[in-house]
1. Out of the residues in the stretch 66-85 meeting the condition of being of a type in the set (A, V, I, L, M) and either touching an Asp or Glu at 6+ places or on another chain (Cβ under 8 Å) or outside any loop (DSSP other than H, G, I, E, B) (or both), tell me which one is nearest to ALA123 (Cα to Cα).
2. Given the criteria hydroxyl-bearing (Ser, Thr, Tyr) and in a strand (DSSP E or B), does SER293 qualify?
3. For the stretch 125-148, what are the residues that are of a type in the set (A, V, I, L, M, F, W, C) and under 25 Å from GLY105 (Cβ atoms)?
4. May I ask you to say which residue of ALA116, ALA138, ALA146 is farther than 20 Å from LEU184 by Cα and free of Cβ contacts under 8 Å to residues at least 24 places away in the same chain?
5. In this structure, does ARG8 turn out to be at pLDDT below 95 and in a helix (DSSP H, G or I)?
6. Can you find even one residue in the stretch 56-65 that is closer than 21 Å to TYR188 by Cα, under 18 Å from the mean Cα position of the chain (by Cα) and not in a helix (DSSP H, G or I)?
7. Go through the stretch 147-196 residue by residue and tally those that are in a helix (DSSP H, G or I) and either of a type in the set (Gly, Ala, Ser) or closer than 17 Å to ALA262 by Cβ (or both).
8. Among (1) in contact with a helix residue (DSSP H, G or I) (Cβ under 6 Å, 6 or more places away or on another chain); (2) without any contact (Cβ under 8 Å) to a residue 60 or more places away in the chain; (3) closer than 28 Å to PRO19 by Cα, where does PRO257 come up short?
Amino acid sequence: MDFRDYARQIRSFGRELTPDSLGATRRLLEPQVPLPDPAEVQVVRDVQYGSHERQRLDVFTPAGGFEPQRPLLIFVHGGGFVTGDKHTEGSPFYSNIGVWAVRNGCNAVIMTYRLAPQNPWPAGLEDIHQVFRYLRHAGGEHGVDADCVFLMGQSAGAAHAASYVAHPEHYAPFAHGVTGLVLLSGLYDYTSIDVGPMGRAYLGEDTGLYESRSSLKGLVESNLPMLVTLSEYDPPMFEQQGLQLLTAYQKRHEQLPHFVHASGQNHLSIALSLGLEGNLLGPQLKAFIEEYSRQR
């Protein structure tokens, strides 16, 4: 599909996150995104990294044999804290991210995690910590190395990834283990937005705790390399959160983090279309990973 036609259709879905707009985005992209080719990518599904039924991950490595020296990309999906999964049988999403990683010199882990309201804050960041612990001990069994890890999350997944880095008290005395952080349209300061029912299901009803449960301060004080993205058709709240992070980061460090404004994409499509022609994130993500992998 011509990218101009694609962007026009994405624009027609609007900026509001509704079942209709999210479903239309998936239907537009699904015929264009291929399933993993077993001749190119080896996929191991549903590896348990914890005891809960949702503590599962998929591992993507080259089909030709293990190359554990590759950087490892860990992806955390979105879903408003209360829904979502790493994979649905027959769907190319979010396997496209694992395939992109293998094609671009990485291994990949696509994880899912416990959901609210049964599992409120800090369950998301605890599950990311559990994945890091699992990979440090058992990654070699799957042909991956946790010594050079790029953590990427989208929407609620970006909020979880940001919280993991920003709250070291949950993994101390160990380091977070992240080489670079990639945040696709996340939420970082819960005190500056109107937190809706899904957010409250995760964060709780006590708004007095929202400042301590936000990640903005910890992110800004960190020297961790970051790639921050916003999509052209993101809802205004996510734009405001991204700009708030960029502004605070620039004030603290006197420079911006790596930043991509994804023209022609909406809140969901930037992740679902990774690997397709016209997705601006892919080349920037590859350059980001290569730059900071070399510095280790």
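The values are calculated or read from the model by the stated rules, or taken from the named source; none is laboratory data. It should be emphasised that the depicted structure is a prediction, and the values quoted were computed from it without experimental measurement. As a convention, Cβ positions derive from the backbone with ideal geometry for all residues, glycine included, and neighbour counts pool all protein chains shown.
1. Taking the stretch 66-85 first, the residues of a type in the set (A, V, I, L, M) are 72-74, 76, 82.
From the residues that got through so far, the ones that are either touching an Asp or Glu at 6+ places or on another chain (Cβ under 8 Å) or outside any loop (DSSP other than H, G, I, E, B) (or both) too are 72-74, 76.
Numbers: LEU72: 23, LEU73: 21, ILE74: 17, VAL76: 13 Å.
My answer is VAL76.
2. On the way: hydroxyl-bearing (Ser, Thr, Tyr): yes; in a strand (DSSP E or B): no.
Here the answer is no, as SER293 does not meet what is asked.
3. ILE128, VAL131, PHE132, LEU135, ALA138, VAL144, ALA146, CYS148
4. Details: ALA116 fails: free of Cβ contacts under 8 Å to residues at least 24 places away in the same chain; ALA146 fails: free of Cβ contacts under 8 Å to residues at least 24 places away in the same chain.
Just a single option satisfies the conditions, and that option is ALA138.
5. no
6. Of the residues in the stretch 56-65, the ones closer than 21 Å to TYR188 by Cα are none.
Scanning the stretch 56-65, I find no residue that is closer than 21 Å to TYR188 by Cα, under 18 Å from the mean Cα position of the chain (by Cα) and not in a helix (DSSP H, G or I), so the answer is no.
7. Keep residues of the stretch 147-196 that are in a helix (DSSP H, G or I), which gives 156-166, 168-170, 190-192.
Now restrict to residues that are either of a type in the set (Gly, Ala, Ser) or closer than 17 Å to ALA262 by Cβ (or both): 156-159, 161-163, 166, 192.
Within the stretch 147-196, residues that are in a helix (DSSP H, G or I) and either of a type in the set (Gly, Ala, Ser) or closer than 17 Å to ALA262 by Cβ (or both) number 9.
8. Against the list (1) in contact with a helix residue (DSSP H, G or I) (Cβ under 6 Å, 6 or more places away or on another chain); (2) without any contact (Cβ under 8 Å) to a residue 60 or more places away in the chain; (3) closer than 28 Å to PRO19 by Cα, PRO257 comes up short only on (3).
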